[in-house]
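The block underneath contains the structure these notes are about, expressed in structure tokens.
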Amino acid sequence: MKKGNNISSLQDQNQLAQAQQSILHLQRAINQAKSHPNEEIIGQIQQTLERAERSVAQAANVTDNQNAMDLVQSELEQQKQAYQELTDHNL
């Protein structure tokens, strides 16, 4: 759905919720890898990161709620930084 469509309000909320869930999943995976890092887990985190990025991009395509998008994008950037720190220390 396109931005600005009144019917898309529920879609907006759903996409934002999915983006937040993807980021939480990424955060859990990163936290788990901090205590048990290995190449397989790092690879799985990369895939999870890519899914979270796609989810955030999809939410950005349908929502007009810029404050919520700013928050979600900020959370994603924090997790990307945590992932980078993890890979810098473990690879």
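The values are calculated or read from the model by the stated rules, or taken from the named source; none is laboratory data. Keep in mind that what you see is a predicted model, and the values were worked out from it rather than measured. Methodologically, a virtual Cβ is constructed for each residue, glycine included, from the backbone with ideal geometry; neighbour enumeration extends over all protein chains shown.
Starting from residues that are farther than 13 Å from Leu86 by Cα and among the β-branched types (Val, Ile, Thr), keep the ones in the stretch 15-58 and report whichever is surrounded by the most Cβ atoms within 10 Å (Cβ to Cβ). It comes out as Ile23. Quick check: is even one residue across the stretch 59-70 surrounded by fewer than 13 Cβ atoms within 10 Å (Cβ to Cβ), without any contact (Cβ under 8 Å) to a residue 24 or more places away in the chain and polar (S, T, N, Q)? The answer is yes; a qualifying residue exists. Among all positions in the stretch 19-30, there is at least one residue which is out of contact with any His (no Cβ under 7 Å at 6 or more places or on another chain), among the aliphatic types (A, V, I, L, M) and closer than 15 Å to Val62 by Cβ.
Listed by first and then second residue, the pairs linking a residue in the stretch 79-90 that is without any contact (Cβ under 8 Å) to a residue 40 or more places away in the chain to a residue that is assigned to a helix (DSSP H, G or I), with Cβ atoms under 8 Å apart and 6 or more places separating them unless they lie on different chains, are Lys80/Leu49. When the stretch 44-59 is filtered for residues that are small (Gly, Ala, Ser) and either more than 11 Å from Leu76 (Cβ to Cβ) or modelled with pLDDT of 95 or more (or both), the ones remaining, listed by number, are Ala52, Ser55, Ala57.
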